[in-house]
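The structure appears below as structure tokens.
The values are calculated or read from the model by the stated rules, or taken from the named source; none is laboratory data. Because the structure is predicted, anything quoted here is derived from the model rather than measured. Using ideal geometry, Cβ is built from the backbone for each residue, glycine included, and neighbour counts are taken over all protein chains shown.
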Amino acid sequence: MKLGVNIDHVATLRQARYAGVSTAAVPEPSVLEAARAALAGGADSITLHVREDRRHMQDADALAVRREISLPLNLEMGATSDMLDFARKLRPDFVCLVPERRQEVTTEGGLDVASRADELRELVSSLTSSGCRVSMFIDPDAIQVEASAAIGAPMVELHTGRFADTAGDERMAELKRLICAAQRAHEFGLEVHAGHGIRVSTLPLIAQVPHLTELNIGHTLIARAVFVGLAAAVREMREAIDRAFPMA
Ligand code: PXP
């Protein structure tokens, strides 16, 4: 099971103090240092989301991580032509297409691939021609899985947000949806990832979802890093993933 570490919140913290501020001080915390710590802690890839409004990650952050860090880079981006231009410049290994709303605190809901099929097919094809492997961040829904396969995406990332935010029977129903969607994706030959709100405590349930090959995790790692440092937080997560998903 691969661990993609999302370091967006490091940029969020930096922007909270330094957005639009001109200062002689070097703005902190450093996104590059975060990527180095994630590498030291055992991350398999670095994920960052360059939003249309550049509210946390800046173009320069992504370009610096691409240049300086040896890990594969996964760019999360909205499905727009401006972001396609940026992806062509950045040349990440992976692109995860996500829905974007300016007012949202974090990515809410999955991409509606089924209703934007023509536009997304073209985007996936352009990104693939630029050397990126593309995944669609979708709700665990058979219609979205089938639409992702139909437009030629090789991978899907199943949105685990609702699973993370519910409890009891509701959470178990969400788990069931994730299991069904993962099975369907596998039948279509898609690589299956999962992300959003995953924590150490939810890994044993997430491990019931079949065919997963990668988890993308951000918030809980940065929260834990406040107390133990990012490399240690990633190492703890790595160990917890290895316990929850023992090697076949
Ligand atoms: N995957 C995607 C597509 C996301 O948008 C996010 C949140 O930025 C994550 C994974 C990670 O979610 P979290 O920060 O809740 O771990």
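Side notes on the structure shown:
- Scanning the range 125-162 for residues that are of a type in the set (Gly, Ala, Ser) and within 18 Å of the chain's Cα centre (by Cα) yields 135, 148, 153, 161.
- Residue 169 meets the conditions (1) more than 16 Å from the ligand (Cβ to nearest atom); (2) under 25 Å from residue 7 (Cβ atoms); (3) not small (Gly, Ala, Ser) in every case but one. The failed one is (2).
- Some residue of the range 91-110 being crowded, with 18+ Cβ neighbours inside 10 Å, of a type in the set (Lys, Arg) and in contact (Cβ under 8 Å) with a residue 40 or more places away in the chain: no
- Test: residue 158 is in a helix (DSSP H, G or I), surrounded by 21 or more Cβ atoms within 10 Å (Cβ to Cβ) and in contact with a Pro (Cβ under 7 Å, 6 or more places away or on another chain): no
- Cross-chain or 6+ apart pairs with Cβ under 7 Å, the range 219-230 first and surrounded by fewer than 21 Cβ atoms within 10 Å (Cβ to Cβ), then modelled with pLDDT of 95 or more and in a loop (DSSP other than H, G, I, E, B): 220/199
- Search result, residues across the range 174-221 that are farther than 13 Å from residue 159 by Cα and either within 14 Å of the ligand (Cβ to nearest atom) or of a type in the set (Ser, Thr, Tyr) (or both): 199, 200, 201, 202, 203, 213, 218, 219, 220, 221
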